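Right, one structure below, let's go through it.
The values are calculated or read from the model by the stated rules, or taken from the named source; none is laboratory data. What you are looking at is a predicted structure, and each value in this text was computed from that prediction instead of being measured. Heads up, the Cβs are rebuilt from the backbone with ideal geometry, glycines too, and the neighbour counts pull from every protein chain shown. Note: areas computed on protein heavy atoms with side chains; ligands, DNA, RNA excluded. Shrake-Rupley method; radii C 1.70, N 1.55, O 1.52, S 1.80 Å.
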Amino acid sequence: MTQYFLSHEPVIRLTVFLGMLALMALWELAAPCRRNDLPRLIRWSNNLALVVIDSIVLRLGFPILATGLAIWAADAGWGLFNLLALPGWVGFGLGFILLDLAIYGQHALFHRVPWLWRLHRMHHADQDFDLTTGLRFHPGEIVVSMVIKLGLVLALGVPPAAVLLFEVVLNATSIFNHANVRIAPGLDRALRLLVVTPDMHRLHHSTNPLETHSNFGFNLPWWDWLFRTYRAQPLLGHPGMQIGLPLFRTPRDQWIDRMLVQPFVTPAAVSPPLAGPAGSDAP
């Protein structure tokens, strides 16, 4: 079964991506949480164009990607898990969890290191918040993220199936938790025990620095609780919260040519000032 999924990786990735995209788009139309201001055609066309550019950059820039490297490491016996000869299910579960913890740490790091923030802030410069925001990442950030992921996969020897599942799930949850959808408060609280919800992550896109530097999780919510970076609700509420950054607030800034040069046009000092621990409000 594992070999079947690994051999059909491109089809699995594309099927889940398109299926989640369609599902959340329909949900946004049926039950939006907020009114978006910019025309959907402009935002979607430019945000989705970044997906194409990012994919090309990865294919041209890396001879092997995460799942391929995991297969090579398993065959060569490289990595901590392979040296310890962990049972398959232990390596699978532990690998998935550690990869998610690494994504949390990487995200927090991109907020704290000025040159990394230059790359990451393009994601935050979206003035609206919907499923395409979850796909809006600068190619430079994608490259740095892949280097970190490859190093972790090689060092740990994460099982290839765990790497594939993690990447598919992370891609799906990024679309989900950036979606402009309305979820009943009770259901949202229940979901937050297992996954980062749109309400939880939308707060991270607030222009308020205290909120920008909270809720770093993309998939599992536990790390924000553990490291005290969790905030339950925005101070102004979701309808009143302003999305984006103080910079790049013209409609023209949402075109792809402007987005690609955003890391180079202003000093890194415009990063939101870092705050202390966000606290650990109950979910």
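Asp199: accessible area at probe 1.4 Å, nearest 10 Å²?
20
Considering only protein heavy atoms, what per residue accessible area in square angstrom results for the chain with a 1.4 angstrom probe?
Ligands and nucleic acids excluded, the result is 46 Å² per residue.
Does anything in region 180-202 have its amide N under 15 Å from the 7 Å Cα→Cβ label point of Ala49, and if so which residues?
none
For the modelled label position 7 Å from the Cα of Asp37 along Cα-to-Cβ, which residues of region 219-254 have backbone nitrogen atoms closer than 20 Å?
The answer is 234-254, whose backbone nitrogens lie closer than 20 Å to the label point.
Which residues in region 155-198 place their backbone N less than 12 Å from a point set 7 Å from the Cα of Leu83 along the Cα-to-Cβ direction?
Taking a point 7 Å out along Cα→Cβ of Leu83, the residues of region 155-198 whose backbone N falls under 12 Å are 155-157.
Ranked highest first by average number of other Cβ atoms within 10 Å, how do 33-39, 23-29, 210-216 line up?
Going from most to least packed, we get 210-216, 23-29, 33-39.
Give me the percent of accessible area attributable to carbon and sulfur for region 1-116, probe 1.4 angstrom.
Carbon and sulfur together cover 74 percent of it.
Long-range amide H contacts for Gly217: which residues qualify at under 5 Å (H placed 1.01 Å from N, peptide plane, sequence gap of 5 or more or a different chain)?
Excluding prolines and chain starts, which carry no amide H, the hits are Asp224.
Using the Karplus equation 6.51 cos²θ - 1.76 cosθ + 1.60 (θ = phi - 60°), what ³J(HN,Hα) coupling, rounded to whole Hz, does each residue of region 248-258 give in order, writing x for Gly and Pro?
In residue order, the calculated couplings are 6, 10, 8, x, 5, 5, 8, 7, 5, 5, 6 Hz.
Classify region 72-179 as rounded, prolate or oblate from the Cα gyration tensor: take a ≥ b ≥ c as the square roots of its eigenvalues, call it rounded if a/c is under 1.5, otherwise prolate when a/b beats b/c and oblate if not.
prolate
By how many nm would the segment from Phe264 to Ile97 grow when fully extended, if each residue of separation counts as 0.36 nm and the alpha-carbon distance is taken off?
On the way: separation 167, 0.36 × 167 = 60.12 nm, distance 3.46 nm.
In short, 56.7 nm is gained.
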